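Scroll down for the structure; my scribbles are underneath it.
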Amino acid sequence: MANFAQLDESYIVTEVIVVNNETINNLPFPESEPVGVAFLQSLFGSTTVWKQTSYNANFRKNYASIGYTYDPVLDAFIAPKPYPSWLLNTTTCQWQAPVPYPSDGKTYIWDEATLSWVLVEQP
């Protein structure tokens, strides 16, 4: 199965649709993309914008989900920014806290007010 993300005018993912491999002539990415786009445009309109996404993140860094943004410069799908202080790692296209997550095996949550990880008390 091939997965395609529909983008709005701001490159925000509004829908993700699975297309049967036979519909895309069993072609691998990137050859499959124009075939899948043509098929989806025949169903949803010729002006709709589609980008193929990889369920296993084999291309375009991350699997697209509704609300993600497609960055044409990085050719990647990027999740919404979780906190204002977090920075985008442009290699992985993942958001990173300005302070690394503690590696002591305990569970923490991010506190944006203090820009730090706060230990979650376990019962």
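The values are calculated or read from the model by the stated rules, or taken from the named source; none is laboratory data. Since the model is a prediction, treat every value here as computed from it, not as a measurement. Ideal geometry is used to build each Cβ from the backbone, glycine not excepted, and the neighbour counts take in all protein chains shown. Areas reflect the complete protein model, heavy atoms only, side chains present, ligands, DNA and RNA absent. Shrake-Rupley method; radii C 1.70, N 1.55, O 1.52, S 1.80 Å.
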When we measure straight from the Cα of Lys51, which lysines land under 16 angstrom away, once same-chain ones fewer than 8 places off are left out? Lys61
Considering all alpha-carbon pairs of the chain, what whole percent are spaced by more than 24 angstrom? 41 percent
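On the protein heavy atoms, probe 1.4 angstrom, tell me the percent of accessible surface of the stretch 68-123 carried by carbon and sulfur.
In the stretch 68-123, the share of accessible area belonging to carbon and sulfur is 60 percent.
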Taking R0 as 30 Å and r as the Cβ-Cβ distance between Leu27 and Gln96, the FRET efficiency 1/(1 + (r/R0)^6), rounded to the nearest 0.05, comes to 0.30
Given only helices, namely DSSP H runs of n ≥ 4 each adding -39500 (n - 2.57), what is the per-residue ellipticity at 222 nm of the chain, to the nearest 500 deg cm²/dmol? -3500 deg cm²/dmol
The set of residues whose placed amide H lies less than 5 Å from the amide H of Ser54, leaving out same-chain residues fewer than 5 positions away, is Phe59, Ala64
Rounded to the nearest 5, the percent of DSSP beta bridges in the chain running antiparallel is 100 percent
Could you check the spin-label model distance between Ile66 and Gln41? Points 7 Å from the Cα along Cα→Cβ, value in nm. 2.5 nm
Please state the charge dipole magnitude for the chain, taken about the Cα centre, from unit charges on C-beta atoms (+1 on K and R, -1 on D and E), reported in debye and rounded to the nearest 20. 120 debye
